[in-house]
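See structure below.
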Amino acid sequence: MDLFSTEKTTINLPNAQITYQPHFLTSKQADKLFQTLKSNTNWRQDTITLFGKTYNQPRLTALYSTIGRTYTYSNITMHPEPFSKDLLKIKSDIENSAATKFNSVLLNLYRDGKDSNGWHADNEKELGENPTIASLSLGAERVFHFKHRKIKSQKHKLTLSNGSLLIMSGKMQHHWLHQIPKTKKQIGERINLTFRQIF
Ligand SMILES: O=C(O)CCC(=O)C(=O)O
Ligand SMILES: [Mn+2]
């Protein structure tokens, strides 16, 4: 059975590479995985502290890993859970497509347009020198923004559709920042999975 569309766009950027596959999963497969992950994930509400004030992070998260070690980003320490059967299956499909192995996945649940993910790079030292990050999107479309840290003309947007797979590689996490901004549009929930190799 032909499960995956091979339509794939490669975007060569200064100091980075992105590939985008809009229909990595069919919309039916993506809807089903969304429902499974929405119900079966132990979603956490983390807090962030900025200038001594504590706020709820504007999304819910969960971390799964084949290694038990904690993972810290933006001063948040996450305790991974073991991979579920559904997540192992999608991990293996993505590894085949990306020709890379992953041992961890961070899940984000954006409940509506008010949920977001601010400018950052996936550059924690546990991810190694030039990490390949594979990002699967399920549910509502959101706009992914990315900008070069130094070349101000290098600023781009990509709408991430239901069932799409975005792969960031090369030196992207050194030289670029990315974000999912809030939107005033009335939109539904979205789950994003970023597969990573944590050393
Ligand atoms: O939701 C997305 O598409 C991006 C998520 C992300 O950048 C992250 O979790 O590091
Ligand atoms: Mn990121």
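We did not get these values from a lab; they are worked out from the coordinates using the rules stated. Given the structure is predicted, the values throughout are model-derived calculations rather than measurements. Cβ placement follows ideal geometry from the backbone for every residue including glycine, while neighbour counts extend to all protein chains displayed.
The calculated Kirkwood hydrodynamic radius for the chain is 17.2 Å, given to one decimal from all distinct C-alpha pairs. The distance from the alpha carbon centre of the stretch 131-199 to that of the stretch 3-61 is 8 Å, rounded to a whole number. Here the label points at residue 120 and residue 45, each 7 Å from Cα along the C-beta direction, are separated by 1.9 nm in the simple model. Charge tally around residue 71: other residues with Cβ under 15 Å, Lys/Arg +1 each, Asp/Glu -1 each, net -1.
Bridgeable lysines around residue 171 (alpha carbons under 29 Å apart, same-chain partners fewer than 8 residues away excluded): 8, 89, 91, 101, 125, 147, 150, 152, 155, 157, 182. Charged side chains reduced to their Cβ positions (Lys and Arg at +1, Asp and Glu at -1) give the chain a dipole of some 680 debye around its Cα centre. Gyration tensor over the Cα atoms of the stretch 68-171: the corresponding equivalent ellipsoid has semi-axes (square roots of 5 times the eigenvalues, largest first) of 22, 18, 16 Å. Note on residue 171 and residue 96: with the Förster distance fixed at 22 Å, the Cβ-Cβ geometry gives a FRET efficiency of about 0.35.
Put a plus charge on the Cβ of each Lys and Arg, a minus charge on the Cβ of each Asp and Glu, and nothing anywhere else: the dipole of the stretch 57-102 about its Cα centre is then about 40 debye.
Placing unit charges on the Cβ atoms of the charged side chains and taking the dipole of the chain about its Cα centre, the candidate lying farthest along the positive direction among 94, 175, 61 is 175.
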